[in-house]
Amino acid sequence: MYEPEAKKFFTQLKSDDKNAINGLYEAYSRRLYKFAFSYLKTDDDSLDVVQDVFLSLWNKRHDLKENTNLEAYLFTVTKNSVISIFRKKISEKGYLEHLRQVAVLYHTDSDEKYDYENLSKKIQELVAKLPVHRKRIFQMSKENGMSNKAIAEELNISVKTVEDHMTKARRFIKEHLVEHGFIAILFYELFI
């Protein structure tokens, strides 16, 4: 988008002119959809992201600074929305396996496909190496989806103790995944 046109849209947004949203939607919705779809691989989620991006822009129009680059803003909000959807979907059973399959199908780096099955197996091996009490707390949290408070109540320990064990377990696993590279760490952060 040319700078004069961007300034026009910016001025319209600040003065509550809905034509600005319509113009920006016309100019960016396809690109934002393609960007979101490249990660999400579903039409529904990608369309929801685009809708949320423009709704967010409209709701925050008065908070935008004078030098805001609207294109960069739109793509940043889209990226953050995609990450948010990943986080929500991760908590849904079955979706993790779907993401693993999509990742294997679509992710290439130096023409090598990462074997997410092996990464998952490696993480399970690392969990097995944790001290017994720490392993139990980690599994209660990650495998059973229990909150720190619920774990503390069930084991009759403080929430701080649970948090300490979780921090140390996560650190141990991440330190041992470093040898498998960035993708292994990303896999751990997104899926575990």
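Listed values, structure above:
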item	result
Proxy reagent accessibility, fewest Cβ within 10 Å first, across S46, S158, S141	S158, S141, S46
Compactness of segment 3-90 as Cα Rg over 2.2 N^0.38 Å, two decimals	1.08
Summed side-chain charge close to E143 - residues other than E143 whose Cβ falls under 11 Å, Lys, Arg +1, Asp, Glu -1	+3
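Quick note: the coordinates plus some simple rules give every number you see, no bench work behind them. Bear in mind the structure is a predicted one, so any value in this text is a computation, not a measurement. For neighbour counting, all protein chains shown are included, and Cβ atoms are generated from backbone atoms with ideal geometry for every residue, glycine included.
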